[in-house]
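Have a look at the structure below, then the notes.
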Amino acid sequence: MQALVQVIAPVFLVLGFGYLATWRKLINENTIDGLMMFTQKIAIPCLLFKGISTLDLGQNFDWRLMASFYTGALTGFFGGLIGARMLLGRPWEDCVTIGFTGLFSNALLLGLPITERAYGAEALAGNYMIITIHAPICYGLGITAMEIIRHRGQNPAVLATKVLRAMFSNAMVIGIALGFALNISGLSLPGPMNDALNLLTRAALPAALFGLGGVLVRYRPEGDLKAIALALSLSLLVHPTIAYVLGQWLSLSPAQLRSAVITASMAPGVNTYVFANMYATGRRVAASSVLIGTAVSMLTIWCWLAILP
């Protein structure tokens with residue numbers, strides 16, 4: 001109960017304030033859209049750039065951490081893709097969206113603040129390592145699968161160009177790439193620029209959580225209950241369980257295990273709806289999964305916090 005109150009509740013209260021303010025029309029949807037655009041295109045890319053540019057890559061990169069997290073993530077994708085087709089008989093395009101919902105956990109807006117509140121800012125190194133390839137892997141896999149299904153027999157070079165263009169037009173991927181470049185170069189930012197970046201990064205997570213609450217007002221949990229249940233089972237149960245079991249088997253340190261499992265236990269992120277909307281397929285499943293999953297994850301995250309060392 002203490003973990004729920006001290007760690008999880010403040011994060012979800014900020015999200016709830018955004019939901020309540022938008023629902024009661026104290027702030028309009030256009031303002032929420034502007035806030036989300038600011039966080040997703042400026043503040044969060046700056047947060048990723050800052051975190052990765054100062055990360056000790058040699059010390060923190062560990063293939064066991066990546067294997068523990070991404071084995072579960074890929075299981076979520078292919079489990080959703082195949083399960084939606086074989087068990088629910090959904091069209092292939094919907095199957096990709098359902099698989100993407102099982103793949104893309106909310107590593108940024110929920111994973112970072114909950115890990116930080118539970119274990120401190122020094123515990124975020126593993127989270128940042130996971131996030132460095134999160135968007136490229138998830139978008140790369142989802143876009144590739146959707147383009148293959150929609151353009152069967154297309155020239156592979158044309159397909160690869162579309163995938164790369166979609167990935168590297170994403171501000172978060174650009175922030176990650178620039179952070180890597182500065183890290184590897186060994187250079188550092190001038191003092192005033194670094195201070196300005198710190199101001200932006202401090203605003204990123206609170207603003208994003210508030211904005212996420214406002215966005216969730218638009219989503220209604222209706223229809224497609226079997227598909228939603230499949231996606232959320234993979235996202236909230238299968239993914240963190242695989243991360244936990246594999247992390248134990250691979251002898252991850254307690255800090256690495258926490259980063260892998262807590263990040264894996266996050267609900268599907270808003271990017272799942274962005275992906276569904278981009279291809280105009282499975283939007284109701286993705287939207288409802290974000291809303292229901294965010295609410296249910298309060299309980300499942302609490303359970304994982306109690307289990308982890």
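Which members of the range 252-297 meet the condition of being assigned to a loop (DSSP other than H, G, I, E, B) and touching a residue at least 40 places away in the same chain (Cβ under 8 Å)?
Looking only at the range 252-297, we keep the residues that are assigned to a loop (DSSP other than H, G, I, E, B), and these are 252-253, 265-267, 269, 280-282.
Hits for the range 252-297 are Leu252, Ser265, Met266, Ala267, Gly269, Thr281, Gly282.
Go through Gly34, Gly111 for me and flag whichever is surrounded by 15 or more Cβ atoms within 10 Å (Cβ to Cβ) and not basic (Lys, Arg). If you could, list the steps in order and put the result at the bottom.
Working: Gly34 fails: surrounded by 15 or more Cβ atoms within 10 Å (Cβ to Cβ).
The match here is Gly111.
Can you find even one residue in the range 110-127 that is over 16 Å from Leu305 (Cα atoms), acidic (Asp, Glu) and modelled with pLDDT under 90? The answer is yes, given that some residue of the range 110-127 is over 16 Å from Leu305 (Cα atoms), acidic (Asp, Glu) and modelled with pLDDT under 90.
I need a count of the residues in the range 124-136 that are open to solvent by 20 Å² or more (accessible area, probe 1.4 Å) and either more than 17 Å from Met266 (Cα to Cα) or of a type in the set (Gly, Ala, Ser) (or both). Outline the logic, then answer.
First pass over the range 124-136, keeping only residues open to solvent by 20 Å² or more (accessible area, probe 1.4 Å): 125, 128, 133, 136.
Cutting the leftovers down to either more than 17 Å from Met266 (Cα to Cα) or of a type in the set (Gly, Ala, Ser) (or both) gives us 125, 136.
Of the residues in the range 124-136, 2 are open to solvent by 20 Å² or more (accessible area, probe 1.4 Å) and either more than 17 Å from Met266 (Cα to Cα) or of a type in the set (Gly, Ala, Ser) (or both).
Scanning the range 37-53 for residues that are open to solvent by 30 Å² or more (accessible area, probe 1.4 Å) and within 20 Å of Leu15 (Cα to Cα) returns Met37, Phe38, Gln40, Lys41, Ile42. Under the condition of being assigned to a loop (DSSP other than H, G, I, E, B), in contact with a helix residue (DSSP H, G or I) (Cβ under 8 Å, 6 or more places away or on another chain) and open to solvent by 50 Å² or more (accessible area, probe 1.4 Å), the residues counted in the range 81-108 number 2.
Residues satisfying the criterion are present in the range 217-225 (criterion: part of a helix (DSSP H, G or I) and surrounded by fewer than 16 Cβ atoms within 10 Å (Cβ to Cβ)). Of all residues in the range 156-174, those that are more than 12 Å from Thr144 (Cα to Cα) and in contact (Cβ under 8 Å) with a residue 60 or more places away in the chain have Cβ atoms under 6 Å from Cβ atoms of residues that are of a type in the set (D, E, K, R) and open to solvent by 90 Å² or more (accessible area, probe 1.4 Å), 6 or more apart or on another chain, in Ala171/Lys41.
Can you pull out every residue in the range 162-210 that is in a helix (DSSP H, G or I), of a type outside the set (Gly, Ala, Ser) and under 18 Å from the mean Cα position of the chain (by Cα)? Give the steps one after another, and end with the answer.
Residues of the range 162-210 that are in a helix (DSSP H, G or I), as a first pass: 162-167, 171-185, 191-210.
If we keep only those that are of a type outside the set (Gly, Ala, Ser) too, we end up with 162-165, 167, 172-174, 176, 178, 180, 182-184, 192-195, 197-202, 205-206, 209-210.
Met167, Met172, Val173, Ile174, Ile176, Thr201, Leu205, Pro206, Leu209, Phe210 - these are the residues of the range 162-210 that are in a helix (DSSP H, G or I), of a type outside the set (Gly, Ala, Ser) and under 18 Å from the mean Cα position of the chain (by Cα).
Exactly one residue among Thr144, Thr132 is in contact with a helix residue (DSSP H, G or I) (Cβ under 6 Å, 6 or more places away or on another chain) and free of Cβ contacts under 8 Å to residues at least 60 places away in the same chain, and that residue is Thr144.
With respect to the conditions (1) open to solvent by less than 20 Å² (accessible area, probe 1.4 Å); (2) closer than 14 Å to Val261 by Cα; (3) not basic (Lys, Arg), Tyr119 falls short on a single one, namely (1).
Restricting the first member to the range 84-112 and to residues that are without any contact (Cβ under 8 Å) to a residue 12 or more places away in the chain, and the second to residues that are in a helix (DSSP H, G or I) and open to solvent by 10 Å² or more (accessible area, probe 1.4 Å), the beta-carbon pairs closer than 9 Å and six or more apart or on different chains are Arg85/Trp92; Arg85/Asp94.
Scanning the range 54-80 for residues that are buried (at least 22 other Cβ atoms within 10 Å of the Cβ) and at pLDDT below 85 yields no hits at all.
Being of a type outside the set (Asp, Glu), under 17 Å from Pro113 (Cα atoms) and at pLDDT below 85 holds for only one residue in Val270, Val290, Val274, Val261, and it is Val270.
Is it the case that the range 64-73 has a residue that's within 21 Å of the chain's Cα centre (by Cα) and aromatic (Phe, Trp, Tyr)? Within the range 64-73 (the criterion being within 21 Å of the chain's Cα centre (by Cα) and aromatic (Phe, Trp, Tyr)), the answer is yes, since at least one residue qualifies.
Figure legend. Inter-residue proximity from the range 182-200: first residues under 10 Å from Thr54 (Cα atoms), second residues surrounded by 10 or more Cβ atoms within 10 Å (Cβ to Cβ), beta-carbon distance below 7 Å, spacing 6+ or different chains. Indicated pairs: Leu182/Ser53; Asn183/Ile52; Asn183/Ser53; Asn183/Leu55; Asn183/Leu57. Quickly run through the range 240-290 and pick out the residues that are open to solvent by 10 Å² or more (accessible area, probe 1.4 Å) and under 14 Å from the mean Cα position of the chain (by Cα). Across the range 240-290, the qualifying residues are Val270, Asn271, Tyr273, Val274. Looking at this structure, is Thr300 closer than 22 Å to Leu65 by Cβ and open to solvent by less than 30 Å² (accessible area, probe 1.4 Å)? Yes: the conditions hold for Thr300.
The values are calculated or read from the model by the stated rules, or taken from the named source; none is laboratory data. These figures come from a predicted structure and were not determined experimentally. Please note: Cβ atoms are built from the backbone with ideal geometry, for glycine as well, and neighbour counts cover all protein chains shown. The protein model used for the area step is the full one, side chains on, heavy atoms only, and it has no ligands, DNA or RNA in it. Shrake-Rupley method; radii C 1.70, N 1.55, O 1.52, S 1.80 Å.
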